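**Student:** Can you read through this structure? Questions will come right after.
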Amino acid sequence: MERAHRTGAFNLFIKTFEGKLPFVLNEPMSRHTTFKVGGPAKLFVKCDTAKQAIAALVFANMCNIPVLMLGNGSNILVADSGFDGIVVKLAGNDLTREGEKITCSAAVKLPYLSRQAYKFGLSGLEFAEGIPGSVGGAVYMNAGAFGESIGDVLYSALCYDKSIKIGSDEQDIKNAFSHIENTKLSDLCKVLTNEELHFSYRNSRVKEEGLFVIEASFILKPSNPQNIEQNMKDYSNRRRSTQPVDMPSGGSFFKRPKDNFAGALIENAGLKGYSVGGAKVSEKHAGFIVNTGNATAYDIYNLANEVSDRVYELFAVRLEPEVELVGF
Ligand SMILES: Cc1cc2nc3c(=O)[nH]c(=O)nc-3n(C[C@H](O)[C@H](O)[C@H](O)COP(=O)(O)OP(=O)(O)OC[C@H]3O[C@@H](n4cnc5c(N)ncnc54)[C@H](O)[C@@H]3O)c2cc1C
């Protein structure tokens, strides 16, 4: 019944959006994740505009099928069996500056944003230079490094909230889409301030409530470009000397446990270099699980579970994944 419902919904999507939205069927997620693993997404929509993304999100909501808003795929592990739903990916590099404020699309990559801020002589995003995620993914999980995080510099975010009713369930899907086409983006979404986004360690209201970030604004501090550049270089050197940045991974696999470090616990459990299939606990940083070349998503998943269980047996600390698991 469930499968038949989804097949019907996918067919309706194809019929409704053929030639209108840029989508492909059965797109391998291994092409879109930094782990370089993951089976096919039933429908993969690469959106050039926010309204295209909203159309796909609204469709998924109206037809009650799973949807994944994808950023740069640097914090997700997608199962080998793939994702039986709609993946929505925003594309583009839109970024504007007004004084000390930078506003950009959720699709913008953090390293690009960080470099642009440096070029404008604005400080506050140096820490983000080596984080290979998108702005949307960074707001979702309040990405951070070296004691700083997105929530420290974010001013506001334009979010689509699926609880905002576009048309009604009784209306047919076509009416909903002409409504989207004819309505201003700002009326389809809401602006949430920093305070309203409830940032905490690797968490935000976006994550708690399943909101979709469309755009974000940051307030930064004018500073000497040479100092900004020096900070960026220092961070980059620290990262390169301590993390396996040249290998496919999802960054730190586990959240930092209270009063402890996941990497240290894993190392003390003697698990540095431990592997399952093609997945390995990095020799350089035990908090990272790397794909040595031919890992499956299940190798990574099983290794993470073994590591978590072993650490729990030895130290009674339960490691929770920071990486989002999709399709497991
Ligand atoms: C080598 C390496 C180093 C890393 N270093 C760090 C680090 O120092 N600090 C750190 O915090 N992280 C780090 N990460 C992890 C990762 O880069 C960040 O978590 C990043 O913020 C994830 O963004 P993304 O766009 O890749 O998200 P994705 O992996 O694409 O998605 C992650 C989650 O965010 C959601 N999401 C994505 N876009 C949106 C959107 N527009 N609206 C709503 N939800 C959205 C997705 O649905 C998913 O649930 C590292 C990863 C790697 C591979």
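The values are calculated or read from the model by the stated rules, or taken from the named source; none is laboratory data. Bear in mind the structure is a predicted one, so any value in this text is a computation, not a measurement. Note that we place each Cβ from the backbone using ideal geometry, even for glycine, and neighbour counts take in every protein chain shown.
**Student:** Considering region 7-57 alone, what residues qualify as being within 25 Å of P248 (Cα to Cα), of a type in the set (A, V, I, L, M, F, W, C) and touching a residue at least 40 places away in the same chain (Cβ under 8 Å)?
**Tutor:** Listed by number, the residues that qualify are M29, F35, V37, A41, L43, F44, V45.
**Student:** Oh, and also: Quick check on S217: is it in contact with a strand residue (DSSP E or B) (Cβ under 7 Å, 6 or more places away or on another chain), within 30 Å of A55 (Cα to Cα) and hydroxyl-bearing (S, T, Y)?
**Tutor:** The answer is yes for S217.
**Student:** Another question, if that's okay. Is it the case that E126 is in contact (Cβ under 8 Å) with a residue 40 or more places away in the chain and either within 11 Å of the ligand (Cβ to nearest atom) or outside the structural domain of S249 (by TED's automatic domain parsing) (or both)?
**Tutor:** It is true that E126 is in contact (Cβ under 8 Å) with a residue 40 or more places away in the chain and either within 11 Å of the ligand (Cβ to nearest atom) or outside the structural domain of S249 (by TED's automatic domain parsing) (or both).
**Student:** Across region 235-266, what is the total count of residues that are under 23 Å from E126 (Cβ atoms) and part of a helix (DSSP H, G or I)?
**Tutor:** 9
**Student:** Being surrounded by 19 or more Cβ atoms within 10 Å (Cβ to Cβ), over 15 Å from the mean Cα position of the chain (by Cα), within 13 Å of the ligand (Cβ to nearest atom) and not β-branched (V, I, T) is the filter here; which residues of region 54-72 pass it?
**Tutor:** The answer is A56, L57, A60.
**Student:** I've got another one for you. Search region 287-302 for residues being in contact (Cβ under 8 Å) with a residue 24 or more places away in the chain and small (G, A, S), and hand back the single one that is nearest to F253 (Cα to Cα).
**Tutor:** If we take residues in region 287-302 being in contact (Cβ under 8 Å) with a residue 24 or more places away in the chain and small (G, A, S), then G287 is nearest to F253 (Cα to Cα).
**Student:** Can you find even one residue in region 169-188 that is modelled with pLDDT of 95 or more, crowded, with 19+ Cβ neighbours inside 10 Å and not assigned by TED's automatic domain parsing to the domain that holds V67?
**Tutor:** Checked against the condition, which is being modelled with pLDDT of 95 or more, crowded, with 19+ Cβ neighbours inside 10 Å and not assigned by TED's automatic domain parsing to the domain that holds V67, region 169-188 yields no hits at all.
**Student:** Only one of (1) part of a helix (DSSP H, G or I); (2) free of Cβ contacts under 8 Å to residues at least 60 places away in the same chain is not met by G73, so which one is it?
**Tutor:** Exception for G73: condition (1).
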